[in-house]
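> Questions regarding the structure given below will be posed in turn.
The values are calculated or read from the model by the stated rules, or taken from the named source; none is laboratory data. These numbers were taken from a predicted model, which means no experiment stands behind them. Here the Cβ is made from the backbone with ideal geometry for all residues, glycine too, and neighbour counts use every protein chain on show.
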Amino acid sequence: MKPEKKKQSKTKIRLTVDDLKRKQSVRATFRLPHQVIELLSVIAGQLGIKQKSLFDQLIEDSKILGQVAQEVQGYAGDKQDRQQKTFVISRRSLLSLNETAKQQKIPRDLLVEVSIKRLLPIIDDELARHKKRKVLLSKMKSYLQQGQDLLEEVGEQLGENDLLYEMIQGQVELAQRNISVVDTIVEKGKPMEDW
């Protein structure tokens, strides 16, 4: 590679101190209704996303935050007691939030509250899926019981050394493993039931 081209490629990928600082995490405290704090926690747990990442996704894009701010106009927020909650968020998210709140003359806490409430349709969908999983898990357990009964019958009639017994035993063991996985998924979704 020619020295000129090497020099050009190095300058294209150069980082600045400002670039690095924007990606730095900071702590920010907001006064939010308990339900809103719980919503963020429950949906992050259900989706397997860190709260910081989820919060950043909701706040970081200043264009979307501006649209949320338009919806907030005239909205007083929940009247329920608010509590302080400190979040670790990216500096970029905090800057976007502060700028939008200042430009739109909206309290920062209210902007955060409404941004988090945008998750409500997602939790409704996830809760519906959770309820369906519970019903299907019950059916899977019934299916497993039938398989175990059949395995016992084959064992009595043909013996445990028969090929059919081994085949059914494999199916029963597979069903047990699958039920264990679905059980874990259902257990993970239980906090939504209280929502």
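> Out of ASP81, ASP149, I need the residue that is assigned by TED's automatic domain parsing to the domain that holds GLY170, more than 19 Å from ILE185 (Cβ to Cβ) and out of contact with any Lys or Arg (no Cβ under 9 Å at 6 or more places or on another chain). Which one? Before the answer, list the steps.
Values: ASP81 fails: assigned by TED's automatic domain parsing to the domain that holds GLY170.
Just one listed residue meets the conditions, ASP149.
A quick yes/no check of all residues on (1) over 15 Å from THR86 (Cα atoms); (2) touching an Asp or Glu at 6+ places or on another chain (Cβ under 7 Å):
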site: PRO33; (1), (2): no, yes
site: VAL36; (1), (2): no, yes
site: VAL42; (1), (2): yes, no
site: LEU47; (1), (2): yes, no
site: PHE55; (1), (2): no, no
site: ASP61; (1), (2): yes, no
site: ILE64; (1), (2): yes, no
site: GLU71; (1), (2): yes, no
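> Restricting attention to the range 115-133, report how many residues are surrounded by 15 or more Cβ atoms within 10 Å (Cβ to Cβ) and over 17 Å from the mean Cα position of the chain (by Cα). Show your work before the answer.
Filtering the range 115-133 down to residues surrounded by 15 or more Cβ atoms within 10 Å (Cβ to Cβ) leaves 115-117, 119, 123, 126-127, 130, 133.
Narrowing further to those that are over 17 Å from the mean Cα position of the chain (by Cα): 133.
Of the residues in that region, 1 qualify.
> Every residue in the range 90-125 that is of a type in the set (S, T, N, Q) and either modelled with pLDDT under 90 or over 17 Å from GLU38 (Cα atoms) (or both), please. First the steps, then the outcome.
First, pick out the residues of the range 90-125 that are of a type in the set (S, T, N, Q): 90, 93, 96, 98, 100, 103-104, 115.
Matches in the range 90-125: SER90, SER93, SER96, ASN98, THR100, GLN103, GLN104.
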